[in-house]
1. Which residues, counting only those in segment 92-124, are under 20 Å from GLU21 (Cα atoms) and of a type in the set (Gly, Ala, Ser)?
2. Name the residue, out of SER110, SER84, SER93, that is modelled with pLDDT of 95 or more, part of a helix (DSSP H, G or I), under 23 Å from LEU122 (Cα atoms) and not aromatic (Phe, Trp, Tyr).
3. Those residues that are among the aliphatic types (A, V, I, L, M) and in contact with a helix residue (DSSP H, G or I) (Cβ under 7 Å, 6 or more places away or on another chain), I need them from segment 17-42; list them, please.
4. Within segment 23-38, count every residue that is part of a loop (DSSP other than H, G, I, E, B) and among the basic types (Lys, Arg).
5. Sort through GLU128, GLU101, GLU113, GLU95 and tell me the only one that's open to solvent by less than 70 Å² (accessible area, probe 1.4 Å) and under 16 Å from the mean Cα position of the chain (by Cα).
6. Going residue by residue through segment 116-125, is there one that turns out to be assigned to a helix (DSSP H, G or I), exposed (fewer than 14 other Cβ atoms within 10 Å of the Cβ), in contact with a helix residue (DSSP H, G or I) (Cβ under 8 Å, 6 or more places away or on another chain) and at pLDDT 85 or above?
7. Could you look through segment 1-22, keep only residues that are hydrophobic (A, V, I, L, M, F, W, C) and in a helix (DSSP H, G or I), and pick out the one that is nearest to the chain's Cα centre (by Cα)?
8. Which of the residues spanning segment 18-66 are in contact with a Cys (Cβ under 9 Å, 6 or more places away or on another chain) and either open to solvent by less than 10 Å² (accessible area, probe 1.4 Å) or modelled with pLDDT under 95 (or both)?
Amino acid sequence: MNPLSHSELRILDANLNRLREGIRVIEDILRYGFDEKALALELKNLRHSCQLKNFQSLLNSRDSQKDVLKTSIKQEQNRENLKSVVLANFKRSQESARVLEEILKLQAVSESEKFKALRYSLYTLEKEVFSRYFKA
């Protein structure tokens, strides 16, 4: 098994950050916006599970200044309400978990499966949050 390339490590680093950030936004909205302890705690535990063993390699691969898409597009700048913020961040987190799942298949299938399970947990939590707090 070959070590991950600089590019692959950079992809993992960016998506780990994106995943944790997205979960944190939802967690804080549930915690402070709805005083929802159980779901916020579940999200907090998920967020803390978003780790890989090679932290220093990931950090060394980071190059935020050269990110070719770091400028936000209009859709990312506009949110109508908390519902739209929560939805955007569930999708962001789910997509990042999927990227992690796929890239980790190159080297660590067990780690890949961890992020697959996390993604499915996010799907379940999304349904729960929207059924409780954002009914149509």
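The values are calculated or read from the model by the stated rules, or taken from the named source; none is laboratory data. Predicted, not measured: the structure shown is a model, and the values here were computed from it. Neighbour counts are summed over all protein chains in view; Cβ atoms, including those assigned to glycine, are modelled from backbone coordinates with ideal geometry. These area figures cover heavy atoms from the full protein model, side chains too; ligands, DNA and RNA do not enter into them. Shrake-Rupley method; radii C 1.70, N 1.55, O 1.52, S 1.80 Å.
1. SER93, SER96, ALA97, SER112, ALA117, SER121
2. Working: SER110 fails: modelled with pLDDT of 95 or more; SER84 fails: modelled with pLDDT of 95 or more.
That would be SER93, the only listed residue that is modelled with pLDDT of 95 or more, part of a helix (DSSP H, G or I), under 23 Å from LEU122 (Cα atoms) and not aromatic (Phe, Trp, Tyr).
3. Initially, segment 17-42 is screened for residues among the aliphatic types (A, V, I, L, M), giving 19, 23, 25-26, 29-30, 38-41.
Result: LEU19, ILE23, VAL25, ILE26, ILE29, LEU30, LEU39, ALA40.
4. Going through segment 23-38, the residues part of a loop (DSSP other than H, G, I, E, B) turn out to be 34-36.
Pick out the ones that are also among the basic types (Lys, Arg) and you get none.
Qualifying residue count for the region: 0.
5. Only one candidate qualifies: GLU101.
6. Yes, segment 116-125 contains at least one residue that is assigned to a helix (DSSP H, G or I), exposed (fewer than 14 other Cβ atoms within 10 Å of the Cβ), in contact with a helix residue (DSSP H, G or I) (Cβ under 8 Å, 6 or more places away or on another chain) and at pLDDT 85 or above.
7. Within segment 1-22, the first condition is being hydrophobic (A, V, I, L, M, F, W, C), and the residues that meet it are 1, 4, 9, 11-12, 14, 16, 19.
Those left that are additionally in a helix (DSSP H, G or I): 9, 11-12, 14, 16, 19.
Numbers: LEU9: 16, ILE11: 13, LEU12: 11, ALA14: 10, LEU16: 6, LEU19: 2 Å.
Here the residue is LEU19.
8. The first filter runs over segment 18-66 and keeps only residues in contact with a Cys (Cβ under 9 Å, 6 or more places away or on another chain), leaving 19-20, 23.
LEU19, ILE23, listed by residue number.
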